[in-house]
Structures are given as structure tokens and as C-alpha cells.
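Trainee: Handing you a structure now.
The values are calculated or read from the model by the stated rules, or taken from the named source; none is laboratory data. Note that the coordinates shown come from a computational prediction; the quantities given were computed from them, not determined experimentally. Every residue, glycine among them, receives a Cβ derived from its backbone with ideal geometry; neighbour counts consider all protein chains shown.
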């Protein structure tokens with residue numbers, strides 16, 4: 001890359017941001033020149049154009065970034081097609097294996113399962129290393145995850161194995177390994193969710209309760225989700241697009257668990273009257289979502305602020321329903337909800353203005 | 001290769017190795033005497049897309065004779081036994097707090113001892129049927145027509161269709177249970193998910209806390 005200094009991008013997302021800035025700069029220069037606000041000499045214009053061209057070419061070569069808006073649109077289309085294709089191929093493999101399963105001997109069944117998981121992993125490695133096939137990597141990663149799921153579930157069915165919480169942990173480790181190796185955000189979300197669920201299941205398992213009943217004690221998911229949020233606070237040197245996803249998923253799990261407990265007090269480990277438990281978690285939901293909004297806005301964590309706003313509104317609407325739905329005329333109820341939304345908009349606007357000023 | 005890819009390969013290898021070694025040890029170890037079961041105890045699960053045969057355990061939910069009335073479950077473990085399994089039975093069944101207290105308790109994984117009454121099954125059913133029919137005749141007030149039809153069928157065809165696996169005991173220590181029930185052809189000890197249920201006793205003569213088998217696990 002020409003003039004590669006301290007500001008040179010180190011990751012793909014940094015490179016994409018640089019490419020976007022260059023495109024915006026080119027558009028603005030063009031507009032300013034047309035409006036007569038700027039007059040570069042033809043030599044300066046050509047020099048700047050050549051410099052931008054070299055930088056964009058270098059970014060495209062080194063980081064495979066999109067250097068035009070059309071390329072971006074095509075990339076988005078490829079991502080959607082890759083996701084749908086991966087899901088469809090995974091379902092196809094799974095259903096085909098089910099269809100022929102009963103015709104195979106036990107040895108053949110084990111061989112199919114092992115070939116499926118190891119073969120799909122090798123295929124993923126092959127695809128990710130070949131420059132021309134690299135666009136298939138997200139799809140191959142999903143197929144590898146499907147192959148692993150088939151392997152795990154197939155062995156459990158063939159040998160009548162008892163389901164254990166460590167199975168969830170295996171799913172988490174495998175999905176996260178693929179996500180980190182191949183920058184796969186969907187598998188990152190899947191892996192983080194499985195990790196949080198396995199924490200919840202292990203906590204319940206330690207108390208002697210059947211681990212699949214973990215969903216009946218949502219507090220375990222608060223612990224699991226919080227651990228995912230903590231993982232999202234760890235700086236990711238080369239995968240800097242991952243922490244927002246980890247913070248978002250972790251916070252979502254924490255707030256869903258608190259929301260569940262605010263309506264279903266019987267599901268708490270706290271040995272108190274369900275009404276008292278529900279009231280406590282309703283207050284906690286307001287505090288946690290408001291804190292998420294504040295932290296998200298001050299630190300620039302948009303995903304945290306977004307999840308916070310969503311759950312703050314859900315908590316507010318639920319309280320409104322509890323207080324007024326049964327006795328208030330419905331037009332008045334919705335009027336109050338609408339006015340509250342406007343008040344919140346006004347508050348956010350003021351907050352935004354203060355953040356801009358500071 | 002990326003280090004995370006190596007982790008993925010390691011997870012697949014370790015998992016398959018652990019499962020296959022465990023299965024090998026289990027299958028090639030000393031085999032005990034066989035137990036003869038049929039479709040009364042093992043239900044074939046119909047599947048459209050799956051060509052493999054899947055069978056599920058069918059067990060008597062209550063110790064024989066099963067109650068033909070609307071009670072949730074008959075008691076085959078008392079409060080002391082339930083406490084030893086980890087359930088909290090500190091609230092008396094007649095207490096007003098009891099329904100909520102027992103309703104909040106989660107299921108636990110335990111070992112259940114099933115009595116496989118294969119030799120004298122027909123005699124046991126024949127001895128039970130007259131009393132069951134008598135109770136069926138009195139059930140009009142508590143059961144609707146559909147439930148009564150099902151119950152009638154259950155009583156009439158108990159010998160041919162009822163599972164002979166009758167739960168008689170449960171515990172957390174497999175070896176201790178096997179020591180107590182050494183006859184492997186008569187007593188099957190299977191891991192199961194069980195829960196407590198509170199029975200208000202409207203139709204069974206008084207409130208009680210009973211155990212219910214939610215799932216017999218593969219083993």
C-alpha cells in the first residue's frame with residue numbers, strides 16, 4: 001500500500017472503513033468542485049486520483065474489501081445467498097442421511113458420521129485457503145457445523161447415549177473455533193449462545209437437578225450471558241468486529257432472563273413469594289436496560305444501547321399493561337403509550353445533542 | 001492452519017474417541033444375562049423421513065395396579081425416599097402452601113428400579129382387573145366419555161398391551177441399588193428423569209406427594 005504509516009489498517013473492518021472514507025472523500029471533492037468551492041489543478045486532481053486508486057487497489061488485494069457501493073451490494077447479496085445456501089445444504093445432508101440411516105450397519109453409520117464431520121472440516125480448510133474459492137468459506141463453515149451436529153447427535157442415537165450438558169459445551173467450543181478461524185459472525189452468535197446455555201445447564205446440573213430444566217431457572221442464563229458480555233470487553237486485535245456481537249448477544253440473554261423472571265417468579269432460585277421475586281426483577285429490568293442505554297451511548301457501543309432501548313420499552317409497556325389495560329379505555333391506553341414514546345424520543349434527542357456538544 | 005481450526009479438529013477427535021472408547025468398553029465387557037422385552041415395553045416410534053427404527057421405553061407410571069381414577073399418580077416412594085433423592089419434602093401435603101411449594105420443584109435424574117413381572121404377568125393382571133372394573137363403574141362422575149373409553153380399553157387389554165415394567169424403587173447410587181436388587185432378569189435399573197407431583201386427593205382420599213417418571217433415559 002502506498003505511504004503505509006501508523007494509520008494503515010490492520011484488520012478487514014479497518015480496511016473497509018478506510019475504503020469507505022476514500023469513496024466519501026472522492027464524492028465530496030467532486031461535489032465541491034462542481035459547486036465552485038474548490039479548484040484543484042489538473043495535476044493535483046490526477047495525483048490525488050492516482051493515490052486513491054492505488055490505496056483502494058491495495059486494500060482490495062490485501063483485505064478483500066468492497067471498494068465501491070455496487071460491490072457492497074453484491075457482497076450483501078452473496079452473504080444472504082451463502083447463509084441460505086449453507087442452511088439448505090446442511091438440511092439436505094441431514095435429511096439424506098436420515099433417509100438411508102436404517103439401511104446401514106452400525107460400523108457404516110459410525111463411518112458416515114466420522115466422514116461427515118472430518119470431511120466437512122477438511123473441505124472448509126481447503127476452501128478457505130484457495131483464493132478463488134474463498135467466497136464459499138461462510139457456507140462451508142455452516143456445512144462443517146451441520147456435519148459436527150450430525151456426528152454428535154448421530155452417535156448419541158446409535159449408541160443410546162444419555163444427553164449431557166457437556167454436549168452443549170462441545171457445540172460452543174466447536175462453533176467458536178470455526179467463528180474465530182474463519183471470521184464467521186453467525187457461528188460466533190451460535191457459539192456464544194451455546195456457551196451461555198452450557199453455563200446455565202452446568203449450574204443447574206451441580207445442584208442435582210436435571211440439566212435440561214435449566215430454562216426453568218433463568219438465573220443461570222444471567223450468569224452465562226454476563227460471561228459472554230465480559231468476553232465482549234476483551235479487545236480483539238484482528239477480529240475487531242466480534243466484540244459488538246458478543247456484547248449484544250450476552251446482554252440480550254441477560255435481559256431476556258430478567259424479563260422472564262419479572263413475569264414468572266416461580267422460576268427463581270430465590271426462595272421468596274413469586275410476587276416479590278417478580279417485583280424485584282421488574283425493578284432490575286428497568287435499572288439494567290437504562291444502564292445499558294447509558295453505557296452504550298457514552299462508550300459508543302451501539303448494539304448495547306439498542307438492546308437497552310428495546311428492553312426498556314418492553315419493560316415500560318408491560319408495566320403500562322399491568323397498571324391500566326384492564327380498566328382504562330383502550331384509546332386512552334394507546335394515547336399514553338404514544339405520548340411516552342414521544343417523551344422518550346425527546347429525551348434521547350437531548351442526550352444526543354449533549355453527546356455531540358461534548 | 002489457524003490455531004482455532006486445530007481446536008475444531010481436536011474437539012471432533014476427542015469427542016469421537018471418548019464416545020467410541022466408552023461404547024467399546026461397554027459392549028465388549030462381561031455381558032449379563034439377557035432380558036426379554038416386547039412392544040409392551042419398547043414402543044416403535046413411527047418416522048416418515050427416517051429409515052432407522054427408533055424405540056422408546058414404555059413403563060407403568062404407577063406401581064401395578066395402576067389407578068384408573070383421576071389421581072395424578074399413586075405413591076411408590078414415600079417422603080423419606082423422595083428426600084433421599086434430593087427433593088424437598090419439608091412442607092406437609094395438607095398445608096395450604098403445598099401446591100405452590102411442590103409445583104416449584106424441578107425434576108431430578110435418578111436411577112429407577114423396575115420390576116419386570118414377566119412370569120406371573122397374566123395372573124397379576126387377572127387379579128387386578130375385577131377391582132379396576134369396579135372402580136371404573138364408579139368413575140362416571142370424574143371422567144368424561146372419551147377418558148372412560150380409553151380407560152375401559154386399558155383395563156380390558158392390560159394383559160396384551162400394558163407395560164410389564166413396574167417401578168418399585170429409586171436411588172442415586174446405582175451400585176447400592178444393584179446390591180439390593182441383584183436379580184438382573186427380574187429388576188431393571190434405568191436412569192430416569194423424575195419429578196414430584198402434588199395430588200390434592202379429591203378422588204384418592206387425601207392430599208399426598210407422589211413421584212412421576214417424566215422420561216426414561218437411554219443407557
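Trainee: Name the helices (runs of 4 or more DSSP H) wholly within the stretch B:87-200 that hold at least 2 residues that are more than 20 Å from the chain's Cα centre (by Cα)?
Mentor: The helices (runs of 4 or more DSSP H) meeting that bar are B:98-103, B:121-137, B:145-156.
Trainee: What about residue A:268, is it touching a residue at least 40 places away in the same chain (Cβ under 8 Å) and crowded, with 20+ Cβ neighbours inside 10 Å?
Mentor: Details: touching a residue at least 40 places away in the same chain (Cβ under 8 Å): yes; crowded, with 20+ Cβ neighbours inside 10 Å: yes.
Criteria met by residue A:268.
Trainee: Please pick out the residue among A:16, A:73, A:44 that is more than 30 Å from residue A:140 (Cα to Cα) and part of a helix (DSSP H, G or I).
Mentor: A:44
One line per residue, one yes/no per condition, for (1) over 30 Å from residue A:155 (Cβ atoms); (2) in contact (Cβ under 8 Å) with a residue 12 or more places away in the chain; (3) surrounded by 12 or more Cβ atoms within 10 Å (Cβ to Cβ):
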| site | (1), (2), (3) |
| --- | --- |
| A:54 | yes, yes, yes |
| A:75 | yes, no, yes |
| A:83 | no, yes, yes |
| A:90 | no, yes, yes |
| A:95 | no, no, no |
| A:99 | no, no, yes |
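Trainee: Check residue A:175 against each of (1) more than 10 Å from every other protein chain (Cβ to nearest Cβ); (2) more than 28 Å from residue B:84 (Cα to Cα) and name the one condition it does not meet.
Mentor: Unmet for residue A:175, out of (1) more than 10 Å from every other protein chain (Cβ to nearest Cβ); (2) more than 28 Å from residue B:84 (Cα to Cα): (1).
Trainee: If you go through the stretch B:90-105 one residue at a time, do you hit one that is in contact with a strand residue (DSSP E or B) (Cβ under 9 Å, 6 or more places away or on another chain), in contact (Cβ under 8 Å) with a residue 60 or more places away in the chain and within 30 Å of residue B:184 (Cβ to Cβ)?
Mentor: Within the stretch B:90-105 (the criterion being in contact with a strand residue (DSSP E or B) (Cβ under 9 Å, 6 or more places away or on another chain), in contact (Cβ under 8 Å) with a residue 60 or more places away in the chain and within 30 Å of residue B:184 (Cβ to Cβ)), the answer is no, since none of the residues qualifies.
Trainee: Here's another thing I want to ask about it. Just to be sure I understand, how many residues within the stretch B:188-211 are at pLDDT below 90 and within 30 Å of residue B:22 (Cβ to Cβ)?
Mentor: We begin by selecting, within the stretch B:188-211, every residue at pLDDT below 90; these are B:197-211.
Then drop every residue that is not within 30 Å of residue B:22 (Cβ to Cβ), which leaves B:211.
Number satisfying all stated conditions: 1.
Trainee: Okay, moving on. With respect to the numbered conditions (1) in a helix (DSSP H, G or I); (2) over 20 Å from the mean Cα position of the chain (by Cα); (3) surrounded by fewer than 17 Cβ atoms within 10 Å (Cβ to Cβ), which one is the sole condition not fulfilled by residue A:202?
Mentor: For residue A:202, the failing item is (3).
Yes/no per residue for (1) under 26 Å from residue B:18 (Cα atoms); (2) touching a helix residue (DSSP H, G or I) at 6+ places or on another chain (Cβ under 8 Å); (3) assigned by TED's automatic domain parsing to the domain that holds residue A:198:
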residue: A:92; (1), (2), (3): no, no, no
residue: A:108; (1), (2), (3): yes, no, no
residue: A:127; (1), (2), (3): no, yes, no
residue: A:138; (1), (2), (3): no, yes, no
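Trainee: Can you find a residue in the stretch A:181-197 that is closer than 24 Å to residue B:17 by Cα and within 9 Å of chain B (Cβ to nearest Cβ)? Please lay out each step first, then the result.
Mentor: Within the stretch A:181-197, the first condition is being closer than 24 Å to residue B:17 by Cα, and the residues that meet it are A:181, A:191, A:194-195.
Filter once more, keeping what is within 9 Å of chain B (Cβ to nearest Cβ): A:181.
Yes - at least one qualifying residue is present in the stretch A:181-197.
Trainee: Select from the stretch A:145-163 the residues that are more than 10 Å from every other protein chain (Cβ to nearest Cβ) and surrounded by fewer than 19 Cβ atoms within 10 Å (Cβ to Cβ) and write down the one among them that is farthest from the chain's Cα centre (by Cα).
Mentor: Once the filter is applied, the top-ranked residue is A:153.
Trainee: Hey, another quick one. Applying the selection to the stretch A:104-129, what residues are farther than 19 Å from residue B:13 by Cβ, at pLDDT 90 or above and not in a loop (DSSP other than H, G, I, E, B)?
Mentor: Result: A:106, A:108.
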